[in-house]
Amino acid sequence: MRCRVSPLALAAVLAAMPFGARADATASLRLSDFGYSLIDLDSDDGITPAVSFDARSFRASVSASAVEQFRDANGQPDSVSRTDSWNAHFTLFPEIGRSASLPGASSSSVLSGSVAEHSYGAVLEGRARNGRGDGLFRTEFRAEAEPANGSFRLIGIQALSLTPFTELVWTGQLDLDSQSARRLPGMRYEASGARAELGLFDAAGRLIDGFEAQTQSSSGSGPDTRQLDIRLSFANATDAVAHGHLASNLSVSGVTYLPIPEPGTPGLLLGGLGLLAWALRRRQPLRPALPLLAALAGALAGPAQAAISARVGVTNLGYTLIDLNPGDGIAPGLRLVSRPGRGGGVSNSISEYYLRDDRIAPFGASLDGRDMKLDSSGPFVPLATAISGPQVQASASQGGSVTARSLSVRTQGSFDYPVADAAHRRGSGFITWAETSVARFRLTPFTQMVWQGDYALGVDATVGRAHGTDEWVGASFGLGLADRQNRGVGGLSRNLRLFHETGSREDNGAIDVSIVNDAARPFVGSFSLWMRVAGQLQESFELGSAPPVPEAGTWALWLCGLGVVGAAARARRRAMPPGVPA
C-alpha cells in the first residue's frame, strides 16, 4: 500500500500561506505654473497695481520621510526610518528639495521656480512596497511642503499688502495621483493619498478664498487621479491698502501592511513534507532521521550568543557665513553663547550581567562601568572618554574647530557574547552619547549661516539565538537650529536600529543645514548637536526556570508531519507479506 501526498492538497496548503502577497502604494502631487497676476479695478485712479510680501511674517518648509517596520522573533515591531527636512522662517517660495530612501519606502519633496513669472512648482512623490523575501511587516512614506505660510504674524508687520482698487489672482495647475496596486491576492493592506490646501486670508485671519483637493486609494479601490485648475482671488475695492496673508500646505503619504508568518512555521511545514517524501521514497522507517530532529531541537534551545556594534561619526563639520547685502556696511558675524553650566559633553556606560555563580561574580550578578566628561567653559571643547569591560567597550570623542570646518564628533560601542561564557553570562550592554548645546547664537542682519559636514552611521549584529533573549542595537544623531521661541527653523536627523536580527546597516551622507536672516536686525536662535549609540543583549529568564515556550503552531506542524510519517510507515508494514523486511 502506498501513501501519496496529493498535489492538490500540497498546493492548497502553500496557497493558504501569504508567500506571494505583495503590497504597493504610490502617491504624487505636482503643482505647476503657479503664480500671481494683478488686475487694476480702477484704471483712472492713477495708482499702479502692486503687491508686496514681508518675509518676516512667512515661513517655508519641505520634508521627506521613509519607514520600514519589521517583526522580531517574538512578534514585536521594530523599525528603521530616515527623515530629511528643511524649515526656515523669514522665507517664502524657496527653491529647495529633500528626499529619503530605504529599500522598501522612499519619498521626495522639491520646490522650484518663480511666482512672479508664473513658473513656480512643487513635486512631491512617494512609494511604499513590500512582498515575499523583503522581511517587512510595514512600510510607510510621507512628503510635505509649505511653499509659503504667512500665518506667522508679528505685531506691526503685514505679511501681504495690496494697493487700493487692485485684485490679486493666484492661478496654477494641480495634478494628484494615488495608487495602491494589487499584484497577487493575499493578506495585506495598502493605502496612499495626496492633499493640497491653499488659502488667502485677510488681516483679521478670516478666509477670503481657498482651495482644497485630495485623492485617496486603498486595497481594492483602484487608482484615484485628479487634474485641477487653481484660482484664488483677493480683491481690494477700497481706497486704502489691504493686508492679509497666504497659507499653503502640500503632502503625499502612503502605507503598506504585509503580515509575515513566523519564520519557523512555513519552514517546519516544508521540512516535514520534505521528510515525509524522503521517507516514502526510500521505503524506510523514520528512525534514521530522528538524530537530525534532535540536532535541530538542540540548536533551537542552544545558548544565547551575540556580537553587536554601533557607531556614529560626524566629520568636517563647521559653518560659513554669507553676506546677503554687501553694500550695507555690516560684516557677517556669529556669536555663540554656551548653555549656562553646560557647553557640551561625552559619556559612556557599560554593563555586563552574570548569573549568581561564585566562579564568575561571587558578590553580585553584574559588573557595571560609567565614564562621563562635561565641559561648561564653551561649546565644541575637545573631550574624549573610553571605557571597557571583559567583553564590552564604548568610547566617545569631540575635537576640532567649527570655524575651520574641522569639528569631529564620534561615538561607538560594541560587545561580544562568547559561547564559552554563555553558561554564566546573562547579558551585556552599552550606551554612549555626545552632545553639544548652544543656548543661543546671534546672527548679524542680512546674513546666511550654513552648517556643512559629513555623517556616517552603522550598526552590526550577529545574533545566535532569539528565543528567550532581548537583543537590539541602535545608532542615531541629530543637528537642529531653532529661533528665540525654540521653534525649529532647520535640522537633520538620522536613525538606524536592528532588533532580534542578524545583519548590517549603513547610512552615510552630507550635512547641509542653513538659516537666512534677511532682516535689518540680528537673528537670535539656538543650536544643538547630539548623537547616541546603544546596544543590549539580556536573558529573559533566570537560572533553573523553564525555557520559553515556542509558538504552538510551530511544533504543531512538526507533530502533524511526524504523525503522517508514522501512519504511512505503519500502513506500509501491515500491507507487506510476512517475512519481508521493513
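Quick notes on this structure:
- From the list 34, 90, the lone residue that is at pLDDT below 85 and open to solvent by less than 50 Å² (accessible area, probe 1.4 Å) is 90.
- Residue match in the range 224-231 (condition: of a type in the set (Ser, Thr, Tyr), touching a strand residue (DSSP E or B) at 6+ places or on another chain (Cβ under 7 Å) and in the same structural domain as residue 177 (by the TED database)): yes
- Summed over the range 370-418, the residues that are modelled with pLDDT under 80, in a strand (DSSP E or B), surrounded by fewer than 20 Cβ atoms within 10 Å (Cβ to Cβ) and hydrophobic (A, V, I, L, M, F, W, C) give a count of 2.
- The range 113-126, subset in contact with a Pro (Cβ under 9 Å, 6 or more places away or on another chain) and part of a strand (DSSP E or B), residue surrounded by the fewest Cβ atoms within 10 Å (Cβ to Cβ): 120
The values are calculated or read from the model by the stated rules, or taken from the named source; none is laboratory data. Just so it is clear, the model here is predicted, and its values are computed rather than measured. Because the Cβ atoms are built from the backbone with ideal geometry, glycine has one as well, and the counts that use them run over all protein chains shown. Accessible surface is based on the protein model in full, side chains and every heavy atom, while ligands, DNA and RNA are left aside. Shrake-Rupley method; radii C 1.70, N 1.55, O 1.52, S 1.80 Å.
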